[in-house]
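To start, the structure under review is shown below, and the notes come after it.
The values are calculated or read from the model by the stated rules, or taken from the named source; none is laboratory data. The model shown is predicted, which means the values in this text are computed figures rather than measured ones. Methodologically, a virtual Cβ is constructed for each residue, glycine included, from the backbone with ideal geometry; neighbour enumeration extends over all protein chains shown. With ligands, DNA and RNA removed, areas are computed over all heavy atoms of the protein, side chains included. Shrake-Rupley method; radii C 1.70, N 1.55, O 1.52, S 1.80 Å.
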Amino acid sequence: MSAAAVDERVYEELQALEAIFAPDIVIKREDGVPKSVEINVLPSTGDKSDEQYVRLTLEVYLTPEYPDSSPKVIMRNPRGLDDRILSCIQSDIEDKLLENIGHLIVYELIEMVRECLTQCNLPRGQCVICLHGFVKGDVFIKTPCFHYFHSQCLSKHFIAGKKYYEEEIDKLPTWQKIEAKPYQQTCPVCRSTVQFNVDELKKAPPPVESIDAQPFHLTDEIRAMQERMAALMAHQLARGGVIGVGDTEPPPLIITDPADQEEPKSSTSGTQNAPKPETSSSVRATGNSNASVAPASPTRPPYRGPYRGFNRRGKPGRRGRGGSR
Ligand SMILES: [Zn+2]
Ligand SMILES: [Zn+2]
C-alpha cells in the first residue's frame, strides 16, 4: 500500500494530533504510510501534575482502510488502575469504535480515555508496605515510576532499608566498606531509584484504615496456613533450595550454611565479589559458580526449623511467621 492510497483525512487528523499533543505523542510511519499512534494518557488535573495518580499508554494501530475500518487499540503500562476499571475502559473503547466506523476517531478515543482516568484519579489496590487501601484522608505519594505508598509507610520503609544496609556494611572488611556504594532509596515495587526526603514523609499521618483496623489475632485459619507453608518450606529446604522450579531442575536459589555466612568476615582473599550487602544474607542466587555458594546436595543437614533464612536480622518479631510458635 502506498502513501497515496491513504485517505487524505488521515494525514490531516495526524497533523492535528501532533499539533495538540506534542511532545507526548509518537506517530510511527513506514515509507510515509502512517501505521500507529502512541500516547501516554494522564488524567486532567489542571496544572497540578503531581496529582495525576493514574495513567496508561494508548496504542492505536491504523488499518490500511482506516477510517472505513476500525483501528486496533491496545492499552499498555496501566498505573494505579485495577482490572475492573481497565475492562470498563476497554469496553467503552470498543463501543466507541463500533459507533464511529467511517469517521476519524483517534482524538476522540484519547479524550475519552483521559476522561475515564480523570474520573478515577485515585490509586487502586493496596499500599504494598502496610497492605491497607488508599481512602479519603490518606496522605500518600506517587513515585516517578507511578507506584503509590502511604507517605508514612514509605518513610518507614526507607528508614528500615537504610538501617539494614548500614548493618550489612558494618559486617564487611574495611577494603570492601570503602568500595561500597552509598545507600540508595529504591521503589519497593519496581526497584527504580528514587529520592525522597524521609523527614518530610515521616510527618504524614498513619494510613486511615490502620487506625480502625482490628488487632491481629492468630485464627485457626492462619494457623492452618502457617502449617501448610512450614511443610512447603521444609520440603524446599530438603531439596536444597527456597524457590524450586520443578523437581528435575536445580533450584534457582540455594541456602548456604551458617559457616558460609561467616566467611566474608574472616576472609580477606580476593575470592569475594564486590560488596553486595543485599545478597549477603543466607539466601544466595545460584547461576554463578562462586566458591562461597554451597552446592545443592542431598547430603546437607536436615531442616531443623523454624526457617529463618529471610529473617536477616534475626528479629524476634518476625520469627513466628510461617514457623512454629
Ligand atoms: Zn501503607
Ligand atoms: Zn516503582
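Observations on the structure shown:
- Test for residue 101: is it over 27 Å from residue 138 (Cα atoms), part of a loop (DSSP other than H, G, I, E, B) and open to solvent by 70 Å² or more (accessible area, probe 1.4 Å): yes
- None of 144, 78 is within 16 Å of ligand 2 (Cβ to nearest atom), exposed (fewer than 13 other Cβ atoms within 10 Å of the Cβ) and of a type outside the set (Lys, Arg) except 144.
- Hey, residue 208 closer than 30 Å to residue 40 by Cα and either away from ligand 1 (no atom under 13 Å from the Cβ) or not polar (S, T, N, Q) (or both) or not: no
- When every residue of region 153-161 is checked against the conditions, none turns out to be within 16 Å of ligand 1 (Cβ to nearest atom) and within 29 Å of residue 89 (Cα to Cα).
- Members of region 147-189 found to be away from ligand 2 (no atom under 14 Å from the Cβ) and of a type in the set (Ser, Thr, Tyr), listed by number: 151, 155, 164, 165, 174, 183
- Top-ranked residue in region 176-224 [being outside any loop (DSSP other than H, G, I, E, B), open to solvent by 90 Å² or more (accessible area, probe 1.4 Å) and at pLDDT 90 or above; ranked as nearest to residue 153 (Cα to Cα)]: 202
- Checking region 197-218 against the condition returns a match, with at least one residue being among the hydrophobic types (A, V, I, L, M, F, W, C) and farther than 28 Å from residue 122 by Cβ.
- Positions within region 111-141 being in contact with an Asp or Glu (Cβ under 6 Å, 6 or more places away or on another chain) and open to solvent by 60 Å² or more (accessible area, probe 1.4 Å), in sequence order: 124
Every residue, every condition in (1) part of a loop (DSSP other than H, G, I, E, B); (2) under 15 Å from residue 67 (Cα atoms); (3) at pLDDT 95 or above, yes or no:
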residue	(1), (2), (3)
10	no, yes, no
15	no, no, no
20	no, no, no
23	yes, no, no
39	no, no, yes
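One line per residue, one yes/no per condition, for (1) of a type in the set (Ser, Thr, Tyr); (2) in contact with a Leu (Cβ under 8 Å, 6 or more places away or on another chain); (3) at pLDDT 95 or above:
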residue: 45; (1), (2), (3): yes, no, no
residue: 50; (1), (2), (3): no, no, no
residue: 61; (1), (2), (3): yes, no, yes
residue: 74; (1), (2), (3): no, yes, yes
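- All conditions in (1) hydrophobic (A, V, I, L, M, F, W, C); (2) farther than 27 Å from residue 47 by Cβ; (3) away from ligand 1 (no atom under 16 Å from the Cβ); (4) in contact with a helix residue (DSSP H, G or I) (Cβ under 7 Å, 6 or more places away or on another chain) hold for residue 175, with the sole exception of (4).
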